[in-house]
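Sharing a structure, written as structure tokens. Questions coming.
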Amino acid sequence: MTVIEAPPGLRDVVVTDTEIGDVRGREGFYHYRQYSAIDLATTRTFEEVWFLFVEGRLPDEGELARFTAEVAALRALPDELRSVLPAIASAGERFNPLAGLRTALSLLGAQRGLPAMYDVDTARHRADALMVCAVTPTILAALHRLRAGLDPVEPRADLSAAANWLHMVSGDEPAPAAVAAVEPYLVSTIDHGFNASTFTARVVASSGADVVSAIAAAIGTFSGPLHGGAPDRALATLDEIGTPDRIDDWIRAQVLAGAKIMGFGHAVYRTEDPRARMLREIAVGLGGDLIDFASTVERRVVEILAELKPGRELHTNVEFYAGVVMELCGIPRTMFTPTFAVSRVVGWCANVLEQARGGKIIRPSARYVGPPPG
């Protein structure tokens, strides 16, 4: 058997073919199917792009209406799951929405008897995936409110996915400006190539397991601060700096200490993250002191990084302005990463269903470097 050496982290290793999308890091471009993801985020609704991920094409008006009604009908939680959410929400000293989501989805999968994908057809795969995507925001919003001592807010079929998310989190009628700001963010974060959580989901799916098992595994990977858990940390950077006169000294101290500045640098992009560019424009449109301060910090971070780390291509990534936009839209910081998960679950499910059609388990090898066996 020929052994193929792979670089750490499988960097630049192609592990499969996909029709879902791709990221061109050196160009600062990524796409869903044949469409620019940023073009879709600025011109299409979340439901239209969700349909694209499910069906492989954009819907016509009638298809969109039927699909929107189909997924809206799946948002409500069954009573048997609703009854245990308070216990999940109250677990632990520190609220961890993604851990709660993982637990609730696992329970829901068991309650509904979700079958192994290996044992059922693609129609059942699609049905299970739509259910998981539809209930994810309902679960996350309910856990947030229960932890805060508030009653969960029931999902509304008359609201779009973006508006419904804001409504369920806050309990208020969503402001049109907030919906218009959050929806492009949700669309732009549905998928982003073969990132760690997507790869995790596909590994589980390759075993023929059920949809919930694959998504629960992806959530575990996504929860790490080096992956999905950074938008609130990026905003915490602004809090720590505090005032404009502290910007340069704080940045230099972080860089010289070798500390990572959350919101800057990306594993794939060698130019500006196109999502950051879009979100910056959205944040500027919302206006206020926070965006003025964030823009100044961004400019100085990039300039000082270029000075102290010449030749390194470190630019703003999606987390920096995602945190700013969500803060301006009234989303609590504990719900920044869950908001990311609300959209990314659609991409995970698309990858899970594509992997399920492949039929071969992902089973790489490792090189043993421990003590020699006796």
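Take the solvent-accessible surface of the protein heavy atoms, probe 1.4 Å, and return the percent of it on region 15-170 that carbon and sulfur atoms account for. Can you show the working numbers first?
Details: 3620 of 7310 Å².
About 50 percent, which is the carbon plus sulfur part of the accessible surface.
Give me the 1.4 Å probe accessible area per residue for region 258-335, excluding ligands and nucleic acids, in Å².
Solvent-accessible surface per residue comes out at 41 Å².
If you average over every viewing direction, what projected area does the convex hull of the Cα atoms of region 12-106 give, in nm²?
Details: hull surface 39.2 nm².
Reported value for the Cα convex hull: 9.8 nm².
³J(HN,Hα) across region 346-352 via Karplus (A = 6.51, B = -1.76, C = 1.60, θ = phi - 60°), whole Hz, x for Gly/Pro?
Once θ is set to phi - 60°, the couplings for region 346-352 become 5, x, 4, 5, 4, 5, 4 Hz.
Something else: Quick check: the distance between the Cα centres of region 101-157 and region 173-213, to the nearest angstrom?
Their Cα centres are 14 Å away from one another.
What is the Cα radius of gyration of region 37-77 over 2.2 N^0.38 Å, N being its residue count?
1.18
In addition: Calculated from DSSP H runs of 4 or more alone, at -39500 (n - 2.57) each and per residue, what is the 222 nm mean residue ellipticity of the chain, nearest 500?
Rounded to the nearest 500, the figure is -18000 deg cm²/dmol.
Over region 160-255, with the other protein chains present, what is the accessible area per residue in square angstrom, probe 1.4 angstrom?
Roughly 32 Å² per residue, with all protein chains present.
Still on this model: For region 229-362, with all protein chains present and a 1.4 Å probe, just round the carbon and sulfur fraction of the accessible area to a whole percent.
The computed percentage sits at 51.
Then there is this: List the residues whose amide H sits under 5 Å from the amide H of Tyr30, counting only those 5 or more places along or on another chain, with H placed 1.01 Å from N in the peptide plane.
Counting only residues 5 or more places away or on other chains, the set is Arg24, Ala37, Ile38.
So what J values fall out for region 144-158 if you push phi through Karplus, 6.51 cos²θ - 1.76 cosθ + 1.60 with θ = phi - 60°, rounded to Hz, Gly and Pro as x?
Per residue, the Karplus-derived 3J(HN,Hα) values read 4, 5, 5, 4, 7, x, 10, 6, x, 9, 5, x, 10, 6, 7 Hz.
Just subtract the alpha-carbon distance of Leu10 and Thr243 from 0.36 nm times their residue separation and send over the number in nm, one decimal.
79.8 nm
Still on this model: So how exposed is Lys260, as accessible area in Å² (1.4 Å probe, rounded to 10)?
110
On to the next question. Taking GluC sites (Glu not before Pro) as exposed when DSSP calls them loop (any state but H, G, I, E, B) and at most 15 other Cβ atoms lie within 10 Å, what is the longest stretch of the chain free of them, the sites themselves excluded? Intermediate values should be presented prior to the final figure.
Values: sites that count: Glu5, Glu19, Glu27, Glu93, Glu313.
The longest uninterrupted stretch comes out as 94-312.
For region 246-263, what does the Karplus curve 6.51 cos²θ - 1.76 cosθ + 1.60, with θ = phi - 60°, yield as ³J(HN,Hα) per residue in whole Hz, taken in order and with x for Gly and Pro?
Values, residue by residue: 9, 4, 5, 4, 5, 4, 4, 4, 5, 5, 5, 7, x, 7, 7, 9, 4, x Hz.
Please work out the FRET efficiency for the pair Lys360 and Asp292, using the Cβ-Cβ distance as r and a Förster radius of 45 Å; give the result to the nearest 0.05.
Details: r = 52 Å, r/R0 = 1.17.
Computed FRET efficiency for Lys360 and Asp292: 0.30.
While we're looking at this one, here's another question. Per residue, what volume in Å³ does the convex hull of the Cα atoms of the chain enclose?
Per-residue hull volume (Cα only) is 179 Å³.
For Gly113, what charge total do you get from the other residues with a beta carbon under 13 Å from its beta carbon, if Lys and Arg give +1 and Asp and Glu give -1?
The answer is -2.
In addition: Take the Cα radius of gyration of region 83-212 and divide it by 2.2 N^0.38 Å, with N its residue count; two decimals is plenty. Present the calculation step by step, with values, prior to reporting the outcome.
Numbers: Rg = 16.1 Å, N = 130, 2.2 N^0.38 = 14.0 Å.
Normalised Cα radius of gyration, region 83-212: 1.15.
Now for a separate question. Provide Met326, Met262 ordered by accessible surface of protein heavy atoms (probe 1.4 Å), highest first.
Putting Met326, Met262 in descending order of accessible area: Met262, Met326.
A further question follows. For region 221-374, report the % of Cα-Cα distances exceeding 25 Å.
On the way: 4758 of 11781 pairs.
For region 221-374, the share of Cα pairs beyond 25 Å comes to 40 percent.
Right, next: Could you calculate the FRET efficiency of Thr271 with Asp79 from 1/(1 + (r/R0)^6), where r is the beta carbon distance between them and R0 is 45 Å, rounded to 0.05?
For Thr271 and Asp79, the calculated efficiency is 0.35.
The values are calculated or read from the model by the stated rules, or taken from the named source; none is laboratory data. No experiment lies behind these values; they were computed from the predicted model shown. Methodologically, a virtual Cβ is constructed for each residue, glycine included, from the backbone with ideal geometry; neighbour enumeration extends over all protein chains shown. What goes into the accessible areas is simple: the full protein's heavy atoms, side chains included, and nothing from ligands, DNA or RNA. Shrake-Rupley method; radii C 1.70, N 1.55, O 1.52, S 1.80 Å.
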